[in-house]
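The block underneath contains the structure these notes are about, expressed in structure tokens.
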Amino acid sequence: MAQYMFGAGMMIAIPKKEIATPRILGTMQEVSIEFSGSTKELFGQNQFSAAAARGQQKITGKAKMAKIDMNTYNDLYFNEEMQVGQNLAVFNKECVVENTGATVTPAFGSGETYIENLGVTNYAGETLERVKDTPKVNEYTVDEKTGKYTFNDALKKKPVYISYLYQTTAGGKRIVINNALMGEAPTFKGIFNGRFAGKQMTLILNACTSSKLSLISTKLEDFSIPEFDFAAMADDANRVGELSTAE
């Protein structure tokens, strides 16, 4: 009986670590894995080749998955040290300029720290200009250490809309992306499994490395689908992997 495969299938990446946690590429959209090799043809005086030989081979793959998972991104591509915390953005937070000092300081909870100013607009929707000191009408200053905004006296008791970036240690994960030396990249075992009508096909690639991570791909009224490309190579035992099917 013939064997077919339907749907996106499943792919798991197992980092090359002493104690490795398998990373399931969640909400899989599609996977493509291609075997290709170069050929060298021998010609004589006739039109068609007398012989053809296969030279170098390569295995390349591409996977698209919708689930956002920092551990997967880090193990497959960045290979950095994971840290606790998350950088969050606040857009157009309405604040009333204080009568004393014409200032506004967003309130932060425990474990929250102001990072960076993302702009200010007034009650008329006009973008205010940031200046170094002594703001005039439609200008402001900001202390990047504390997040304290200072405005011209003309804005006292009037609303402004502040956007800023802050960091919290209450949850989330983050990594600092460093400028690593060339040649350094994480290695993982890639396992693909597809099935249909009770039959399975499994491809195991013993050693893979990712060449590209398309992390953000937003579109109006659609989900972002991260995508990563990878290449397979022989492992330390000179084995590339295994392919198995029901037929």
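All of the numbers you see were taken from the coordinates with simple rules; none came from a lab. What you see is a predicted model; the values in this text were computed from it and never measured. No Cβ is skipped: glycine too gets one built from the backbone with ideal geometry, and neighbour counts run over all protein chains shown.
How much length is gained on full extension from Ala107 to Ile12, taking 0.36 nm per residue of separation minus their Cα-Cα distance? If you can, show how the numbers build up before the last one.
Numbers: separation 95, 0.36 × 95 = 34.20 nm, distance 4.25 nm.
That pair, Ala107 and Ile12, stretches by 30.0 nm at full extension.
Annotation: aspartates and glutamates with alpha-carbon distance below 15 angstrom to Lys145 (same-chain offsets under eight excluded): Glu112, Glu116. With both residues required to sit in the chain, DSSP beta bridges show an antiparallel share near 95%. In this rough spin-label picture, where each label sits 7 Å from Cα along the Cβ direction, the Ala124-Leu165 distance is 3.1 nm. In sequence order, segment 32-43 has phi-based couplings of 9, 10, 10, 9, 8, x, 8, 10, 10, 9, 9, 10 Hz under the Karplus curve 6.51 cos²θ - 1.76 cosθ + 1.60, θ = phi - 60°, and Gly or Pro positions carry x. Applying 0.36 nm per residue to the separation of Met182 and Lys199 and subtracting their alpha-carbon distance, the gain on full extension is 1.9 nm. Looking at Gly109, Gln167, Met201, which one has the Cα that reaches farthest to the positive end of the dipole of the chain (charges on Cβ: Lys, Arg +1; Asp, Glu -1)? The one lying farthest along the dipole's positive direction is Met201. Between the beta carbons of Gln83 and Phe43, assuming R0 = 35 Å, the FRET efficiency works out to 0.05 to the nearest 0.05.
Along segment 97-112 the Karplus relation, 6.51 cos²θ - 1.76 cosθ + 1.60 evaluated at θ = phi - 60°, assigns HN-Hα couplings of 5, 5, 5, 8, x, 6, 10, 9, 10, x, 7, 10, x, 5, x, 10 Hz to successive residues, with x for each Gly and Pro.
Calculated on the Cα set of segment 84-173, radius of gyration then Dmax: 13.3, 42 Å. Measuring max minus min along each principal axis, the C-alpha atoms of the chain give extents of 90, 48, 37 Å (largest first).
What is the local net charge at Met28, summed over the other residues whose Cβ is closer than 14 Å to its Cβ (Lys, Arg +1; Asp, Glu -1)? All intermediate terms of the calculation are to be shown ahead of the outcome.
Details: positive: Arg23, Lys62, Lys64, Lys67, Arg195; negative: Glu30, Asp69, Glu227.
Its environment carries a net charge of +2.
Karplus-derived 3J(HN,Hα) values for segment 44-53, using 6.51 cos²θ - 1.76 cosθ + 1.60 with θ = phi - 60°, are x, 7, 8, 6, 9, 5, 8, 7, 9, 10 Hz; glycine and proline are entered as x. Here each label is just a point 7 Å from Cα along the line to Cβ, and for Thr146 and Ala53 those points are 7.7 nm apart.
If you take the Cα centroid of segment 16-46 and the Cα centroid of segment 116-152, the two points sit 53 Å apart. Working from label points 7 Å from Cα in the Cα-to-Cβ sense, the Ser32 to Glu94 distance is 4.9 nm.
Given a Förster distance of 25 angstrom, what is the FRET efficiency for Thr245 paired with Lys62, based on the Cβ-Cβ distance and rounded to 0.05?
Numbers: r = 21 Å, r/R0 = 0.85.
For Thr245 and Lys62, the calculated efficiency is 0.70.
For segment 38-150, the orientation-averaged shadow of the C-alpha convex hull comes to 16.4 nm² (one quarter of the hull surface). The smallest convex shape that holds all Cα atoms of segment 140-247, its convex hull, gives 257 Å³ per residue. Between Met70 and Lys132, the FRET efficiency from the beta-carbon distance, with R0 = 51 Å, is close to 0.85. In this structure, the residue pairs whose Cα-Cα separation is over 23 Å, taken from Lys58/Lys173; Lys93/Lys156; Lys58/Lys189, are Lys58/Lys173. For a modelled paramagnetic label at Asp222, 7 Å from Cα along Cα-to-Cβ, the residues of segment 15-54 in reach, with backbone nitrogen under 17 Å, are 28-31.
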